[in-house]
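Q: Structure incoming, see below.
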Ligand SMILES: N[C@@H](CCC[C@H](N)C(=O)O)C(=O)O
């Protein structure tokens, strides 16, 4: 069968987006890995799937698969592309769209200037929310990685994040420490590893080694997690501009039980069809 898809990106974090509201298909893990391959497939960091909602209060169900085929709870850059996609495809005319994800509900708003603002919900820091093997919720945890003792913050935005403060993201050992943090036994469901450089209370630079996809040009939930940890640790103040290798995001969070919002672009690259074997 031929599957219609759209290639999109949010700050260079790229996606294959598939409408399973008007098409029928079943994508297996091995097939997702083949499609994600940048030489033998279409190439993407994540596959985003649009489905009808199971909850009648929601507009759509939003499913996310990493390049390694694993299904995950949330994807911030993907959420912005999702909002743009369902409107471009005329699956909805709403400006405010409610979606169910494996990590909880999200509200997406397409602004008049084309930027998309996402209510990412309330960040959670309790170890069991990630999950992370630690006795209690702390601002910083010590993690032994490859013979080094690292100080990390942890946060869940539906999906799990570890945030490490570095002096300079350009020289941060992302390729060496990223995979070791991702697969650390204290994170039983693995983790996304963020490397954050604080530029000022309202500005950070960030690189993220993503669970299941490797280092990407931008990670939306990673940006939210870094800002949430930074605000909690007294290093940052809302709003915060996050400079990622692929561009900038604006994150706002009033702390505690307030909802965190992320605003940024979503870009359609091309439409295509692929034969599913
Ligand atoms: N690129 C994403 C996050 C995608 C999922 C992540 N790799 C995970 O496994 O949790 C974003 O923009 O948030």
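Q: Taking a ≥ b ≥ c as the square roots of the eigenvalues of the Cα gyration tensor of the range 49-111, is the shape rounded (a/c under 1.5), prolate (a/b larger than b/c) or oblate? Spell out each step's value before the answer.
A: Working: a/c = 1.80, a/b = 1.42, b/c = 1.27.
It is prolate, given that a/c is not under 1.5 and a/b is the larger ratio.
Q: If neighbour count is taken as other Cβ atoms inside 10 Å, put 4, 243 in order from fewest to most.
A: Numbers: 4 14, 243 17.
If I rank by nearby Cβ atoms, fewest first, I get 4, 243.
Q: Could I ask something else about it? What residue among 53, 173, 131 has the largest mean-square fluctuation in a Gaussian network model of the chain, using Cα springs under 10 Å?
A: 173
Q: Under 8 Å for C-alpha pairs, at least 6 residues apart: give me the relative contact order for the range 44-104, rounded to a whole percent. List each step's numbers first, then the result.
A: On the way: 81 pairs, mean separation 21.8, N = 61.
That works out to 36 percent.
Q: How would you rank 51, 182, going from fewest to most other Cβ atoms within 10 Å of each one's own Cβ?
A: 51, 182
Q: Ok, one more. What would the Debye formula give as log10 I(q)/I(0) at q = 0.17, 0.18, 0.25, 0.30 Å⁻¹ for the alpha-carbon point model of the range 179-237, no solvent?
A: Taking Cα atoms of the range 179-237 as identical point scatterers yields -0.56, -0.62, -0.99, -1.18.
Q: Rounded to the nearest 0.05, what FRET efficiency do residue 29 and residue 248 have when you use their Cβ-Cβ distance and R0 = 30 Å? Before the final figure, lay out the partial values.
A: Working: r = 33 Å, r/R0 = 1.11.
After rounding, the FRET efficiency stands at 0.35.
Q: Let me ask another. What number, rounded to the nearest 500 deg cm²/dmol, is the helix-based mean residue ellipticity at 222 nm of the chain, given -39500 (n - 2.57) per DSSP H run of at least four residues and division by all its residues? Intermediate values should be presented prior to the final figure.
A: Working: 4 runs with 43 residues, N = 277.
When only DSSP H runs of four or more count, the value is -4500 deg cm²/dmol.
Q: To the nearest 10 degrees, how steeply does helix 76-88 sit against the main Cα axis of the chain, on a 0 to 90 scale?
A: Helix 76-88 sits at roughly 20 degrees to that axis.
Q: For the chain, take the longest principal axis of its alpha carbons; what is the angle in degrees between that and the long axis of helix 220-232, to the nearest 10 within 0 to 90?
A: 30
Q: Per Stokes-Einstein, at 37 °C and 0.692 mPa s, what whole-number D in µm² s⁻¹ belongs to the range 36-178, with the Kirkwood radius over Cα pairs as the hydrodynamic radius?
A: Values: Rh = 17.4 Å.
Reported coefficient: 189 µm²/s.
Q: Given the options 41, 178, 222, state which has the largest fluctuation in a GNM of the chain using a 10 Å cut-off (strictly under) for Cα springs.
A: 41
Q: Compare 194, 230, 147 in a GNM of the chain, Cα atoms joined below 10 Å, and give the one with the largest fluctuation.
A: 147
Q: Okay, moving on. Going from the alpha-carbon gyration tensor of the chain, what semi-axes, largest first and in whole Å, does one get by taking the root of 5 times each eigenvalue? It would help to have the intermediate numbers written out before the result.
A: Working: eigenvalues 173, 87, 57 Å².
Semi-axis lengths for the chain are 29, 21, 17 Å.
Each value in this text was obtained by applying a stated rule to the coordinates, not by laboratory testing. Owing to the predicted nature of the structure, the values given are computational and were not obtained by experimental measurement. Cβ coordinates were reconstructed from backbone atoms using ideal geometry, including for glycine residues, and neighbour counts include every protein chain displayed.
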